[in-house]
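Trainee: Below: one structure in structure tokens.
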Amino acid sequence: MRRLMWQRNRRRNAATLAAHKRDHEWITNVDLKMMRRALNLARAAGLCGEIPVAAIVYRGEEIISEAANDREASNDPAGHAELVALRLAGAKLGRWRLHDCRLAVTLEPCPMCAGAIVNSRLQALVFGASDPKGGAVGSLYHIPQDARLNHRLPCAAGVYKAEASGLLKGFFAQRRAFKSR
Ligand SMILES: [Zn+2]
């Protein structure tokens with residue numbers, strides 16, 4: 001049973017990779033693996049009452065930092081997963097330029113985070129669900145590929161988007177149900 005599941009997941013991951021490679025030849029299995037890890041982190045954050053979004057900064061296969069959205073716990077308006085992870089990565093590597101690192105995040109970054117992503121000189125960005133109301137990587141703006149800014153980076157959208165948006169929808173549905181009780 002476990003072996004069957006493992007085989008099925010492996011086939012699914014290979015199909016996901018092939019689909020994304022058609023648009024982004026730079027994407028690898030490591031990017032998908034980091035996104036799956038971010039989804040697990042996001043799920044855990046949702047259980048703690050945070051909006052379930054998580055981000056991981058990685059260099060090759062090495063995880064440099066990871067964080068979930070922590071606005072409720074920290075009372076920090078800038079407590080978005082991407083910003084927290086970027087700050088941790090800079091502190092760990094002892095530099096603010098993260099040109100050899102990539103970032104995987106479960107939700108399309110907002111303007112604040114997309115700005116921080118450009119400013120950190122990241123190598124590439126991979127994200128899950130799009131955010132039509134607040135996203136700044138294709139939805140409302142496309143900050144990481146704006147030619148007027150001094151750094152641009154390749155971005156892959158929609159990686160495990162069904163899982164990523166399912167997490168968010170489930171969280172908000174549960175919160176609404178709780179509030180109406
Ligand atoms: Zn943000």
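Trainee: Out of all DSSP beta bridges with both ends in the chain, state the antiparallel percent to the nearest 5. Intermediate values should be presented prior to the final figure.
Mentor: Working: 11 of 18 bridges.
If I count the DSSP bridges inside the chain, around 60 percent turn out antiparallel.
Trainee: What's the lysine pair count for the chain at a Cα cut-off below 23 Å, pairs eight or more apart or interchain?
Mentor: Eligible lysine pairs with Cα atoms under 23 Å apart amount to 10.
Trainee: Then there's this: Can you give the net charge of the other residues whose Cβ lies under 14 Å from the Cβ of GLY166, counting K and R as +1 and D and E as -1? List each step's numbers first, then the result.
Mentor: On the way: positive: ARG36, ARG43, LYS161, LYS169; negative: GLU163.
In short, +3.
Trainee: Same structure again: Using a Gaussian network for the chain with springs between C-alpha atoms less than 10 Å apart, which of these wobbles most: LEU125, LEU153, LEU93?
Mentor: LEU93
Trainee: In a GNM of the chain with a 10 Å cut-off on Cα contacts, which of ALA45, ALA18, ALA67 has the highest mean-square fluctuation?
Mentor: Answer for the Gaussian network model of the chain: ALA18.
Trainee: So which trypsin sites (Lys or Arg not before Pro) in the range 1-109 are both in a DSSP loop and have at most 13 other Cβ atoms within 10 Å of their Cβ? Walk me through the intermediate numbers first.
Mentor: Details: sites: ARG2, ARG3, ARG8, ARG10, ARG11, ARG12, LYS21, ARG22, LYS33, ARG36, ARG37, ARG43, ARG59, ARG71, ARG87, LYS92, ARG95, ARG97, ARG102; in loops: ARG95, ARG97.
Counting only loop positions with at most 13 other Cβ atoms within 10 Å, the trypsin sites (Lys or Arg not before Pro) in the range 1-109 are ARG95, ARG97.
Trainee: Relative contact order for the chain: what percent, with Cα pairs under 8 Å and sequence separation of 6 or more? Could the numbers behind the result be given before it?
Mentor: On the way: 327 pairs, mean separation 31.6, N = 181.
The value is 17 percent.
Trainee: For the range 173-181, in order, what is each residue's ³J(HN,Hα) by Karplus, 6.51 cos²θ - 1.76 cosθ + 1.60 with θ = phi - 60°, in whole Hz (x at glycine and Pro)?
Mentor: Karplus-based 3J(HN,Hα) across the range 173-181 equals 5, 5, 5, 5, 4, 5, 5, 7, 6 Hz.
Read-outs: derived from the displayed coordinates by stated rules, not from any lab. Just so we're clear, the structure is a prediction, and the values are computed from it rather than from any experiment. Note that we place each Cβ from the backbone using ideal geometry, even for glycine, and neighbour counts take in every protein chain shown.
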